[in-house]
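The values are calculated or read from the model by the stated rules, or taken from the named source; none is laboratory data. Quick caveat: nothing in here was measured; it's all calculated off a predicted structure. Cβ coordinates were reconstructed from backbone atoms using ideal geometry, including for glycine residues, and neighbour counts include every protein chain displayed.
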Amino acid sequence: MGYEPRIKALLWHQGESDCGSTRYFEDLEHLVGNFRAEFEDYADDQDGDQIAFIDALIYDAPESLANFSYGSGVDTLNDQKVAFSEESEMNFYLDTSFKTPNGMKLEIGGNRDGGNYGGCYGIYHYTTKDCYRLGEAYANLIVENDLI
């Protein structure tokens with residue numbers, strides 16, 4: 001018989017290099033639209049619009065907490081991520097923010113000079129503990145929204 005693979009969701013956790021972009025929303029429209037069109041044969045009922053898109057906000061803690069900051073551009077970027085999630089019932093985002101009341105407030109380990117801190121190396125990685133928390137949050141969103 002063989003396998004009949006199905007794509008249920010695209011998980012996305014990117015954007016640091018796009019901080020400050022005012023085109024990120026449009027870029028997501030193209031990325032997700034092209035992905036859904038390209039892989040529609042692997043979607044339920046061959047309907048690419050049924051492939052969920054799950055995004056997470058970019059790290060937005062104040063510099064005093066992590067010894068670095070993406071600056072004010074991170075707010076512009078995260079606002080566009082939230083707005084994109086509101087465009088379709090199949091678009092979702094994880095609130096990983098430090099600034100919102102229910103945000104996950106994930107911690108960045110490491111330091112500007114590299115080295116091991118919290119089980120990670122360098123400054124652009126979440127601590128090991130928070131990597132697990134993030135994975136659990138993705139899994140919970142998938143289960144709670146019946147995406148599997």
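Mind checking whether some residue in the stretch 126-145 is part of a helix (DSSP H, G or I), touching a helix residue (DSSP H, G or I) at 6+ places or on another chain (Cβ under 8 Å), surrounded by fewer than 16 Cβ atoms within 10 Å (Cβ to Cβ) and modelled with pLDDT of 95 or more? No, the stretch 126-145 contains no residue that is part of a helix (DSSP H, G or I), touching a helix residue (DSSP H, G or I) at 6+ places or on another chain (Cβ under 8 Å), surrounded by fewer than 16 Cβ atoms within 10 Å (Cβ to Cβ) and modelled with pLDDT of 95 or more. Residues that are at negative phi, in a loop (DSSP other than H, G, I, E, B) and in contact with a Leu (Cβ under 9 Å, 6 or more places away or on another chain) are absent from the stretch 76-86. Is at least one residue of the stretch 106-115 in contact with an Asp or Glu (Cβ under 7 Å, 6 or more places away or on another chain), at pLDDT 90 or above and either on the phi < 0 side of the Ramachandran plot or of a type in the set (Gly, Ala, Ser) (or both)? No, that holds for no residue.
On the phi > 0 side of the Ramachandran plot, among the acidic types (Asp, Glu) and at pLDDT below 95, is that true of ASP60? No, not satisfied. Determine if the stretch 49-66 includes at least one residue that is assigned to a loop (DSSP other than H, G, I, E, B), hydroxyl-bearing (Ser, Thr, Tyr) and within 23 Å of LEU134 (Cα to Cα). Looking through the stretch 49-66, at least one residue is assigned to a loop (DSSP other than H, G, I, E, B), hydroxyl-bearing (Ser, Thr, Tyr) and within 23 Å of LEU134 (Cα to Cα).
All conditions in (1) over 20 Å from GLU136 (Cα atoms); (2) at pLDDT 90 or above; (3) out of contact with any Ser or Thr (no Cβ under 7 Å at 6 or more places or on another chain); (4) surrounded by 17 or more Cβ atoms within 10 Å (Cβ to Cβ) hold for LEU31, with the sole exception of (4). Annotation note: of VAL74, VAL32, the sole residue that is within 22 Å of LEU134 (Cα to Cα), in contact with a Cys (Cβ under 8 Å, 6 or more places away or on another chain) and either among the polar types (S, T, N, Q) or touching a residue at least 40 places away in the same chain (Cβ under 8 Å) (or both) is VAL74.
For the stretch 1-15, residues that are more than 19 Å from GLY48 (Cβ to Cβ) and surrounded by fewer than 13 Cβ atoms within 10 Å (Cβ to Cβ) total 4.
Based on this model, can you work out whether ASP95 counts as among the charged types (D, E, K, R), at pLDDT below 90 and under 16 Å from ILE58 (Cβ atoms)? Against the criterion (among the charged types (D, E, K, R), at pLDDT below 90 and under 16 Å from ILE58 (Cβ atoms)), ASP95 does not qualify.
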